[in-house]
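Read the structure below first, then the notes.
The values are calculated or read from the model by the stated rules, or taken from the named source; none is laboratory data. Everything numeric here is computed off the predicted structure, so don't read it as measured data. Cβ placement follows ideal geometry from the backbone for every residue including glycine, while neighbour counts extend to all protein chains displayed.
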Amino acid sequence: MRTDAVVSRPPRFKLIATVAVVVALAVVVVGLLARRSRAEQLQDIAADRGQPTVALIAPRPLTGAGLELPARIEAWSRAPIYARVSGYLKRWNVDIGGKVKAGQLLAEIETPDLDQQLMQAKAELATARSNAVLAATTARRWQGLLESDSVSRQEVDERTGDMAAKQSMVNALQANVDRIEALKRFTLLTAPFDGVVTTRNTDVGALINIGGAPGSELFVVSDTRKLRVYVNVPQRQVAQVRPGAKAELTVPERPGQRFAATVQSLSQAINTGTGAMLVQLMVDNDHDELLPGGFATVRFEGAGATAASTASSSTQAAGVSLPPGAVIIGKDGVQVATVDAQSRVRLRKVTIARDMGTRIELGAGLTANDRVIENPPDGLAEGDTVRVAQPSASASSAAPAKGRS
């Protein structure tokens, strides 16, 4: 019986060993398959991350939008009122915002020193007049004595010369009195024309000094019935503006309202600092809706705003615009990222014709049929493959232009 037990063991051990080997092989195979699946997943994730998702926009054709530029508004006439005499402010009659007529009294300056100078000058003039009268009487008497040969011709000439000198002294002192009286009239500050008091920089009892420097004015009177509008027109658009041309004016404090303006004059020179020409327009302000000193937007209608885009049947970029976020500005210049039919990036060089704030008008390098990346991510290069996102219903927002190093 022992012999049978010894003989039956080897087959059992072989079975156990075989099962163990199969289990080990199964574990190894499952591990390898799991690792391969994980590697494939990582490759897919890496491939997905290597293809950025971008949103596309189409360049917007310009349709006679006209020329729209920032401007500043100034009063038709603006007069700073300065002091011509020193003293103390006795009273003022009109505050800021008050409407005045030409010649209306604004304020009065008290000048005790000038009053004393005037009194002294008048006293000196009275003395000089008395001396002149006496010299004239003396000269006439000596002239009578000369007829009877009682005095010499030399003595008569001396008396006549003294009379003329005394009369000249009277004239000089009279001019001095007139000068002080003219200064005395400057103690009354009056409005030079019909308008509105837009500044008052003094008050009762304030020390007044003679001044003419900016900031030392006591009052500012502005004529706001008509306003001047100044706008810098870039050299590229100078030919579109002519005297007498009509324009529309808008201001931020009155959204939705438009005011008619007319081009009055052009400076006929390009400013070397700004590369633009100064243009002056006129706008009526009978209802005081526009404020001098404020900023505005001027839109020139018609003539040639999109002449370049209609010059040919093509849709070249002279007639298209993009939001600023779609423009790439870097070491390679100004570029726009487009996507071709194979979803590959194509960088195109463009030229900026005009920056309109929320839109940028392009001068060349793009067509209205190109598919443009709305906000190209940093590091995007020529030939990169991208994933195109589905278009959304909401309008794309204008973002700042991106720079590329």
#### Entry: Output for segment 336-375, where each listed residue is among the acidic types (Asp, Glu) and under 16 Å from SER321 (Cβ atoms)
ASP355, GLU361, ASP370, GLU374
### Message
Every residue in segment 177-206 that is under 24 Å from TYR88 (Cβ atoms) and part of a helix (DSSP H, G or I), please.
### Response
VAL177, ARG179, ILE180, GLU181, ALA182, LEU183, LYS184, ARG185
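The rows are residues; the columns are (1) outside any loop (DSSP other than H, G, I, E, B); (2) at pLDDT 90 or above; (3) farther than 25 Å from LYS99 by Cα.
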| position | (1), (2), (3) |
| --- | --- |
| ARG228 | yes, yes, no |
| VAL233 | yes, yes, yes |
| ARG236 | yes, no, yes |
| ALA239 | yes, no, yes |
| GLU248 | yes, yes, yes |
| ARG254 | no, yes, no |
| ALA260 | yes, yes, no |
### Query
Just a yes or no: is a residue in segment 159-170 under 60 Å from the mean Cα position of the chain (by Cα), hydrophobic (A, V, I, L, M, F, W, C), over 23 Å from ILE208 (Cβ atoms) and assigned by TED's automatic domain parsing to the domain that holds SER130?
yes
### Task
Quick one: which residue in VAL238, VAL283 is in contact (Cβ under 8 Å) with a residue 24 or more places away in the chain and either aromatic (Phe, Trp, Tyr) or touching a Phe, Trp or Tyr at 6+ places or on another chain (Cβ under 9 Å) (or both)?
VAL283
### Query
Just for segment 101-125: of the residues that are among the hydrophobic types (A, V, I, L, M, F, W, C) and surrounded by 13 or more Cβ atoms within 10 Å (Cβ to Cβ), which one is farthest from VAL220 (Cα to Cα)?
LEU125
### Task
Could you check ILE180 against (1) in contact with a helix residue (DSSP H, G or I) (Cβ under 6 Å, 6 or more places away or on another chain); (2) loosely packed, with under 12 Cβ neighbours inside 10 Å; (3) in contact (Cβ under 8 Å) with a residue 60 or more places away in the chain; (4) not basic (Lys, Arg) and say which number it fails?
(2)
